[in-house]
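The values are calculated or read from the model by the stated rules, or taken from the named source; none is laboratory data. Because the structure is predicted, anything quoted here is derived from the model rather than measured. Every residue, glycine among them, receives a Cβ derived from its backbone with ideal geometry; neighbour counts consider all protein chains shown.
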Amino acid sequence: FFFVSLCAGPEQAIRVGLPSLFSMMFRLPCFVCSANSFTTRSMVPYGSLYRIGFRSCVQKSKRKRKPRYYWHSLDNQRDFFDQFAQKHDIKQPSDWKHIKYRQVKEEGGESILKLYSSLFTALKAIYPEHEWDVQQTRKQIPNNHWKSPEKQREFFDLFARKYNLIHPSDWSKVTYQQVCQEGGRSILSHYKSLFAALENIYPEREWDLKTTRKLLPAGYWNKLENQREFLDRFAQQHNINKAEDWKHITYQQLAESGGKALLNRYPSIYVALTQIYPEHEWDVKSVRKQHPNHHWNSVAN
């Protein structure tokens, strides 16, 4: 328009330039809103954008934002979950078992879930009047849930009540697999054995491995302190106060008391005693009635 005005004068500019200018203005490329995406159509009249409902699509796409810190209010969180529960026919805590984290997130609860470590934690905080059991409420236990000693103790308390386990010796009837089947596999993965788990979770109780577990953990007798602990307990039970008192103890007695696997590591009781109690002076004649096999094969003996 300005070029024509300069070259040909105002009259030619009005007669030739203005129509060209208006033609360009109303035939610009634009975006047309389709059902699922935006597609480009070139040379579509600008006014057609309104005819296809572009403005309404943009308005619908705008998300309604809540005021800042809106979801920090426990009442607002509860309102959201009340509506969610009503929509999905959730009437008791166990009904939440089939609800996924992503489902709550997609329905507008993302900002709430960000305030908690898991959906289960959120439910416990928002509905403290209910009794929440993570195994009944969630199909998948939240990450790091069982790292907490309180959660571990809570699980074993429920387990003990279910199977009427009152005394430490009652746990001798419980198998490792049984605890796993009840949902305790993740807890046991933090310990070398079920006995080690019980010792750490209930430190105020006196745990005796022989009365608590039928099957000892693998490699238990490899440790000298475990061997010594067993013989200390045996000596206390049989009133053994000095080295000579071991003279009346038989191999069968030790084996029946649970020391067979221990004795299998040594050629005789005498050798076991000398290895486990090196601070004592052991005389085979005063300690044993019968000399160990191959005792006299040694030149020193």
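List of remarks:
- Residue 224 vs. criteria under 30 Å from residue 280 (Cβ atoms) and among the aliphatic types (A, V, I, L, M): yes
- Subset of the range 227-271 that is within 18 Å of residue 284 (Cα to Cα) and acidic (Asp, Glu) - its residue that is surrounded by the most Cβ atoms within 10 Å (Cβ to Cβ): 245
- In the range 121-134, of all residues being free of Cβ contacts under 8 Å to residues at least 24 places away in the same chain and under 19 Å from the mean Cα position of the chain (by Cα), the one that is farthest from residue 148 (Cα to Cα) corresponds to 124.
- Among the residues of the range 247-301, those identified as modelled with pLDDT of 75 or more and more than 54 Å from the chain's Cα centre (by Cα) are 283, 284.
- Of all residues in the range 221-246, those that are within 15 Å of residue 271 (Cβ to Cβ) have Cβ atoms under 8 Å from Cβ atoms of residues that are modelled with pLDDT under 85 and surrounded by 15 or more Cβ atoms within 10 Å (Cβ to Cβ), 6 or more apart or on another chain, in 227/221; 231/259; 243/282; 243/287; 246/287; 246/288.
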